[in-house]
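K.L.:
Structure below; questions to follow.
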Ligand code: HEC
């Protein structure tokens, strides 16, 4: 993904270098629960290398309804539109160990 898109999504996720956000962009505060490369909370799993063990399909299904893949999960079902879902998923898929 492009560096500009990555910075935008990092702003939503609220982990990493937080950029000044235009209005109407959600701040999803994923970082309240998740750590990415040393920043963020530890309520949920560390996402630094999440793409090493979760597929695109799993990640999308989980965002649409966390309970569907992870029964009993306390992760909220975020009201993401399709663009946000696609971009957030692309960002998750970029989080993997370099090969
Ligand atoms: C209230 C805490 C909370 C918030 C906020 C939250 N999550 Fe989660 N998340 C969890 C918990 C707990 C799990 C583990 C259970 C599950 O799979 O749902 C999880 C699991 C995940 C997983 C799967 C990780 C793995 O290795 O299996 C991903 C990806 C994820 N979250 C991304 C996000 C993103 C992106 C956001 C922001 C849009 C977010 N989460 C916001 C609590 C949270």
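Values in this text are rule-based calculations from the coordinates and carry no lab data. What you see is a predicted model, and the numbers here were worked out from it, not measured in a lab. Heads up, the Cβs are rebuilt from the backbone with ideal geometry, glycines too, and the neighbour counts pull from every protein chain shown.
K.L.:
Please give the peptides 58-65, 5-12 ranked by average Cβ packing (other Cβ atoms within 10 Å per residue), highest first, as a rough proxy for protection.
P.N.:
5-12, 58-65
K.L.:
Same structure again: Computed FRET efficiency, Cβ-Cβ of residue 65 and residue 42, R0 25 Å: what is it to the nearest 0.05?
P.N.:
The calculated FRET efficiency here is 0.60.
K.L.:
Something else now. Cut-off 19 Å, label point 7 angstrom out along Cα-to-Cβ of residue 49: give me the residues of region 59-90 whose amide nitrogen falls inside.
P.N.:
Only 59 pass the distance filter.
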